[in-house]
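Chemist: Right, I'll just put the structure down here and ask away after.
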Amino acid sequence: MKREEYQDKYDALQQRLMLLQTSYKTQGTRGVVVLEGWDAAGKGGLIRRLAWAMDPRTLRVYPIGAPDAHERREHWLQRFWSRMPAAGEIAVFDRSWYGRVLVERVEGFAEEDAWKRAYREIREFEQQLLAEDFRIVKLFLDITPETQLKRFQSRLNHPSKRWKLTEEDIRNRGKWDAYGEAYSDMIKKTSAQHAKWQRIDANEKRRSRLDALKAIHRGLSRGMELAFPEPPKRAVDYLERYRED
């Protein structure tokens with residue numbers, strides 16, 4: 001996709017996302033965006049474009065890593081419950097509770113009984129959110145091993161990008177098949193009505209960002225009336241007195 005075409009479509013999406021966020025704030029709606037996918041699939045770039053389109057005061061972004069010592073003493077879902085958005089807010093999870101059935105499964109950080117049980121726990125967790133009228137959007141950013149290798153090489157060759165390349169990235173690449181099986185099970189076992197996984201082909205960055213932003217807008221706006229609020233009558237009356245002829 002050419003840059004000019006991409007920019008025109010992104011600008012239009014920005015306006016739609018701004019309206020969506022305004023509607024969330026005025027109507028007290030709560031939204032959750034879950035991003036999972038291969039290393040170097042473009043989650044960070046997508047989050048930046050989403051954040052550029054939205055007011056940071058009601059947008060929360062949570063990069064999820066390993067639990068700390070305190071979180072390990074709690075139920076494994078507790079740290080995600082505590083990050084659920086308040087009324088009028090949208091929360092974006094860069095990695096999420098699905099780590100239980102992905103990295104914790106593949107790397108052996110969770111016992112087999114625990115990660116197998118987690119599929120049911122995750123479904124119940126999301127069902128509770130849906131029952132409280134949360135909107136949930138779950139995106140899986142998918143790339144080929146060849147695309148991932150090219151992006152790793154790009155990170156290595158550009159000093160400003162090297163911080164993105166970690167030893168864990170290389171370790172995970174060596175377990176591609178195991179992670180592929182885990183992703184497949186995740187999608188198959190945790191897709192439910194209004195909380196389905198959507199696969200985004202992320203091999204071409206510009207097109208995938210647009211596809212992902214459209215999916216986010218579509219999912220978060222489900223069942224909503226999107227409209228800018230009317231100004232307060234008192235403010236209108238006051239300012240009308242000072243309207244210039």
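The values are calculated or read from the model by the stated rules, or taken from the named source; none is laboratory data. Here the structure is a predicted model, which is why all the values come from computation and not from measurement. A quick note on method: Cβ atoms are made from the backbone with ideal geometry, for glycine too, and the neighbour counts reach across all protein chains shown. Protein only, heavy atoms only, side chains kept; ligands, DNA and RNA dropped before computing areas. Shrake-Rupley method; radii C 1.70, N 1.55, O 1.52, S 1.80 Å.
Chemist: May I ask you to compute the full-extension gain from Asp68 to Thr166, defined as 0.36 nm times their residue separation minus their alpha-carbon distance, rounded to one decimal in nm?
Modeler: Contour length minus Cα-Cα distance gives 33.3 nm.
Chemist: While we're looking at this one, here's another question. What are the ³J(HN,Hα) values, in whole Hz, obtained from phi via the Karplus relation 6.51 cos²θ - 1.76 cosθ + 1.60 with θ = phi - 60°, for each residue of the stretch 55-66 in sequence order, with x given for Gly and Pro?
Modeler: 6, x, 6, 10, 10, 10, 10, 10, x, 9, x, 5
Chemist: In sequence order, what are the phi-derived ³J(HN,Hα) couplings for the stretch 13-29 according to the Karplus relation 6.51 cos²θ - 1.76 cosθ + 1.60 with θ = phi - 60°, rounded to whole Hz, with x for glycine and proline?
Modeler: So the J values, rounded to whole Hz, are 5, 4, 5, 5, 5, 4, 5, 4, 5, 4, 5, 4, 5, 6, 9, x, 7.
Chemist: So which GluC sites (Glu not before Pro) in the stretch 72-178 are both in a DSSP loop and have at most 11 other Cβ atoms within 10 Å of their Cβ?
Modeler: Details: sites: Glu74, Glu89, Glu104, Glu107, Glu111, Glu112, Glu121, Glu124, Glu126, Glu132, Glu146, Glu167, Glu168; in loops: Glu74, Glu89, Glu107, Glu111, Glu132.
For GluC sites (Glu not before Pro) across the stretch 72-178 that sit outside H, G, I, E and B with at most 11 neighbouring Cβ atoms in 10 Å, the list reads Glu111, Glu132.
Chemist: If the label point is 7 Å along Cα→Cβ of Glu112, which residues in the stretch 172-194 have backbone nitrogen under 18 Å from it?
Modeler: Under 18 Å, as judged by backbone N against the label point of Glu112, lie 178-179, 181-183, 185-186 of the stretch 172-194.
Chemist: Could you compute how fast the chain diffuses translationally, taking Rh as the Kirkwood radius over C-alpha pairs and applying Stokes-Einstein at 10 °C with viscosity 1.306 mPa s? Give it in µm² per second.
Modeler: 80
Chemist: First compute the accessible area of the chain with a 1.4 Å probe, then give the percent of it belonging to carbon and sulfur atoms.
Modeler: 50
Chemist: Calculate the spin-label point distance for Glu146 paired with Gln193, positioning each point 7 Å from the Cα along the beta-carbon direction, and give it in nanometres.
Modeler: Taking the two extended label points, one gets 4.2 nm.
Chemist: Next up: For a quick check: with amide H placed at 1.01 Å from N, whose amide H comes under 5 Å from Val92's, ignoring anything fewer than 5 positions away on the same chain?
Modeler: Val33, Arg60, Val61, Tyr62
Chemist: Related question: Which values of log₁₀ I(q)/I(0), to two decimal places, follow from the Debye formula for the stretch 1-94 at q = 0.12, 0.19 Å⁻¹ with a uniform point scatterer at every Cα?
Modeler: At q = 0.12, 0.19 Å⁻¹ the computed log10 ratios are -0.48, -0.99.
Chemist: Which value, in debye to the nearest 20, gives the size of the charge dipole of the stretch 54-170 about its Cα centre, when Lys and Arg are +1 and Asp and Glu are -1 at the Cβ? Walk me through the numbers on the way to the answer.
Modeler: Numbers: 21 positive and 21 negative charges, 86 e Å.
Approximately 420 debye in magnitude.
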